[in-house]
Amino acid sequence: MKLLAGLERELRDLDARSLRRRRRIAETPCAPRTTVDGRDLLAFCSNDYLGLAAHPLVVEALREGALRYGVGSGASALVSGHARVHEELEERLAAFMAPHIESPRALSFCSGYMANLAVLSTLGGRDAAIFSETLNHASLIDGARLSRSAVQVYPHRDVEALEAMLAASGAETKIVVTDSVFSMDGDIAPLPRLLALCERHEAWLVVDDAHGFGVLGEHGRGALEHFALRSPCLVYMGTLSKAAGAAGAFVAAHATVIEWLLQRARTYIFTTGAPPALSQALLASLDIIAGEEGRARREHLQFLVRRLQDSLVLRRWCHARSDTGIQPIIIGANDDAMRASTALHEQGFWIPAIRPPTVPAGTARLRVTLSAAHTADDIARLVDALNALEERQADAREAEYA
């Protein structure tokens, strides 16, 4: 069949460029020590930054929620799928973000992808212009495309270029959209300068804080707390599948914005509500994030980040140092990154290679992610393995060109 033959040809091309992706099967809860495809591994690849995915209190809350509410919600939120515990979660999230959002209200979504599609397609439109950071997550890029807005892409962290674009725009509605913590590099957007621009040009600032919520800020309120920001221009998206350890996402903004999303966001209106038990688990996660245990976990995560940074000694690979749990090791070629990932796997580490189109060509990398559930000994093992592996590969390259 010609159609299948075409797909098979494309798959062979992915193989030739070391770009085919394969899933591994995890057989134990999300944690640093896990069993994958029948093998025990030390994982440095999840976004469970605070180690809450298998926290006993969160697990117990999920169980209690299932006993109280059952499993499924049964319908979309605007039909019959919005339970009391969904409402409680949104109220808690709005209160949690209140120091940074004027007249705050929150709306929950089944995923961050759905939340970003909702925000941009609902606030945008044919009379709007969206100014998108070049390294934004795919969900933001797709949301901008679906919005039917005019889209301009500004260079990474380039506030001056963005300012020129905003000044030249005659759009009725202007929307600046950015990741807070960039997921493949771990660096942080210059949000104070971006917000100042948006307030000057009467533009929305949409912040995807997927990798900052729960991690950044004294109380875990994310990038807005990290920079002490507050403005009616802010539209904040936080995911609940990373530091919160469960699933889903929320948008926090001025109550008028949230009401407009509730009335018009297709990814909210036309999908079945999330399981109520999940909201019960997330309430427990929020208790931990906002309390002393959350603070201790954030401090331990920062300790591990510093330990890794102080101990890595690389000759050819590049460690893109970050203040977050994302610590990329940029290798370059796809096949070299794959070989490094395979060699680490043979030594008992789970660190996938990240390749284009997720990252630019020539910057394939090991995306090392740290969790508060890791120990100092875990970091020491990882550093020893990375230093030794990079030295062997560097020596091999030097011998090849000698």
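The values are calculated or read from the model by the stated rules, or taken from the named source; none is laboratory data. In this text the structure is predicted, and so the values were computed from the model without any measurement. Neighbour counts run over all protein chains shown; Cβ positions are idealised from the backbone, glycine included.
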When (1) β-branched (V, I, T); (2) in contact (Cβ under 8 Å) with a residue 40 or more places away in the chain; (3) in the same structural domain as T375 (by TED's automatic domain parsing) are applied to I331, the one that fails is (2)
- prompt: Any residue at all in segment 381-389 that is farther than 18 Å from S18 by Cβ and touching a Ser or Thr at 6+ places or on another chain (Cβ under 6 Å)?
  reply: yes
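Per-residue answers, yes or no, for (1) within 18 Å of the chain's Cα centre (by Cα); (2) closer than 24 Å to S371 by Cα:
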| residue | (1), (2) |
| --- | --- |
| P56 | no, yes |
| S80 | no, no |
| R92 | no, no |
| S108 | yes, no |
| S132 | yes, no |
Per the filter on segment 223-245, residues over 21 Å from S121 (Cα atoms) and either surrounded by fewer than 24 Cβ atoms within 10 Å (Cβ to Cβ) or not assigned by TED's automatic domain parsing to the domain that holds S139 (or both) are E225, H226, F227, A228, L229, R230, S231, S241
* Asked: In this structure, is T122 without any contact (Cβ under 8 Å) to a residue 40 or more places away in the chain, out of contact with any Gly (no Cβ under 9 Å at 6 or more places or on another chain) and β-branched (V, I, T)?
  -> no
Flagged pairs (Cβ under 8 angstrom, 6 or more apart or on separate chains; first in segment 150-179, more than 15 Å from R193 (Cα to Cα); second surrounded by fewer than 16 Cβ atoms within 10 Å (Cβ to Cβ) and aromatic (F, W, Y)) are none
In segment 162-178, anything more than 26 Å from M114 (Cα to Cα) and surrounded by fewer than 15 Cβ atoms within 10 Å (Cβ to Cβ) is listed as A164, A167, A168, G170
Scanning segment 20-75 residue by residue, the ones that are farther than 21 Å from F213 by Cβ, touching a strand residue (DSSP E or B) at 6+ places or on another chain (Cβ under 8 Å) and of a type in the set (G, A, S) total 6
With the first residue restricted to segment 362-375 and required to be in the same structural domain as T34 (by TED's automatic domain parsing) and closer than 21 Å to A343 by Cβ, and the second required to be among the basic types (K, R) and in a loop (DSSP other than H, G, I, E, B), Cβ contacts under 7 Å at 6 or more apart or on different chains are A364/R355
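Conditions tested, residue by residue: (1) out of contact with any Lys or Arg (no Cβ under 9 Å at 6 or more places or on another chain); (2) over 17 Å from S341 (Cα atoms); (3) in a helix (DSSP H, G or I).
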{"site": "T28", "(1), (2), (3)": "yes, yes, no"}
{"site": "D40", "(1), (2), (3)": "no, no, no"}
{"site": "N47", "(1), (2), (3)": "no, yes, no"}
{"site": "G51", "(1), (2), (3)": "no, yes, no"}
{"site": "L67", "(1), (2), (3)": "yes, yes, yes"}
Those residues of segment 189-221 that are more than 12 Å from the chain's Cα centre (by Cα) and either closer than 23 Å to A129 by Cα or in contact (Cβ under 8 Å) with a residue 24 or more places away in the chain (or both) come to a total of 23
If we ask which residues in segment 1-41 are among the β-branched types (V, I, T), farther than 26 Å from A364 by Cβ and in contact with a Leu (Cβ under 9 Å, 6 or more places away or on another chain), their number turns out to be 1
Check your understanding: Would you call E102 assigned by TED's automatic domain parsing to the domain that holds A265, at pLDDT below 95 and on the phi < 0 side of the Ramachandran plot?
Key -> yes
Across (1) among the aromatic types (F, W, Y); (2) in a helix (DSSP H, G or I); (3) more than 27 Å from T271 (Cα to Cα), F96 clears everything bar (3)
Scanning segment 292-322 for residues that are closer than 25 Å to E225 by Cα and among the β-branched types (V, I, T) gives V305
Subset of segment 262-295, residues loosely packed, with under 14 Cβ neighbours inside 10 Å and free of Cβ contacts under 8 Å to residues at least 24 places away in the same chain, comes to Q263, G291, E292
Just one listed residue, out of S18, S73, S46, is modelled with pLDDT under 95 and surrounded by 13 or more Cβ atoms within 10 Å (Cβ to Cβ), and it is S18
In segment 125-148, anything free of Cβ contacts under 8 Å to residues at least 40 places away in the same chain, more than 13 Å from A265 (Cβ to Cβ), surrounded by fewer than 24 Cβ atoms within 10 Å (Cβ to Cβ) and out of contact with any Pro (no Cβ under 7 Å at 6 or more places or on another chain) is listed as R126, A138, I141, D142, R145, R148
When segment 15-31 is checked residue by residue, the ones that are free of Cβ contacts under 8 Å to residues at least 12 places away in the same chain and farther than 21 Å from C45 by Cβ are D15, A16
By residue number, the members of segment 76-121 that are crowded, with 21+ Cβ neighbours inside 10 Å and of a type in the set (S, T, Y) are S108, S121
